[in-house]
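Structure below; questions to follow.
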Amino acid sequence: MNLMIYKEELVYTLALICLSIAIILITKRAIKKFTFVRAIEVNRRKVIFNLAYLLTYLITGTILAIIWGVDIKQFSVFISSILAVLGVGFFAQWSILSNLTSSVILFFNHPVRIGDRVRILDKDFDWTGIVQDITGFYFFMQTDKGENISLPNSLVMQKGIQILDKEEMLADELYAKDSASPIVKTNEDFTD
């Protein structure tokens, strides 16, 4: 096998691999700095890293295919076919698409974080508790009654979320302990 025929492609491939490694290292440093400044927790940091790596690998693979002579028209037909099949599949399962979209909104743009005490605003159910996890499709929380529930992300976005602060948390706890009678402190409570 004569490698001299592919000398130019090999040089471009090597340069692309070096550039991709440099981009990954710079991206990793930038994401670490960004997540530190924004106080983003470890699990979300991992997801952001994985998305950045996936994007870098897809772009590198596309450029690599172009370097090695894949016809742009055929490549674009291939990519558009894959996107069309995915689009039809997601459109057929509209709830999957809405849950994925809701998870992206909850993950990047909503102030709710894992460990926050929240109330899902619903007139039929009292969903007040601590957020355990937010995944691609579900919102997991442990209610004040000790129940572990999972709600679809689209339902959480439709109902709305109230993030409870420290004062509301204490007031809710006091109310839950003695909801039948008001809290009255006697003189015995103030003596040692």
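The values are calculated or read from the model by the stated rules, or taken from the named source; none is laboratory data. Just so it is clear, the structure is predicted and the values come from calculations on it, not from any experiment. Cβ atoms come from the backbone with ideal geometry, glycine included; neighbour counts cover every protein chain shown. The area values use the complete protein model at the heavy-atom level, side chains included, leaving out ligands, DNA and RNA. Shrake-Rupley method; radii C 1.70, N 1.55, O 1.52, S 1.80 Å.
Taking the residues in segment 117-138 that are assigned to a strand (DSSP E or B) and among the basic types (Lys, Arg) as candidates, determine which candidate is least open to solvent (accessible area, probe 1.4 Å).
ARG117
Looking at GLU188, GLU147, which is the one that is charged (D, E, K, R), modelled with pLDDT under 55 and open to solvent by 90 Å² or more (accessible area, probe 1.4 Å)?
Result of the check over GLU188, GLU147: GLU188.
Just checking, how many residues over segment 101-116 are open to solvent by less than 60 Å² (accessible area, probe 1.4 Å) and of a type in the set (Phe, Trp, Tyr)?
Number satisfying all stated conditions: 1.
Also, quick follow-up: For residues that are under 13 Å from PHE107 (Cβ atoms) and either in contact with a Ser or Thr (Cβ under 6 Å, 6 or more places away or on another chain) or outside any helix (DSSP H, G or I) (or both), scanning just segment 13-51, find the one that is most open to solvent (accessible area, probe 1.4 Å). Can you show your working first?
Here is the first cut: in segment 13-51, the residues under 13 Å from PHE107 (Cβ atoms) are 35, 38, 40-41, 43-48, 50-51.
Still in the list and also either in contact with a Ser or Thr (Cβ under 6 Å, 6 or more places away or on another chain) or outside any helix (DSSP H, G or I) (or both): 38, 40-41, 45.
On the way: ARG38: 133, ILE40: 24, GLU41: 50, ARG45: 72 Å².
Here the residue is ARG38.
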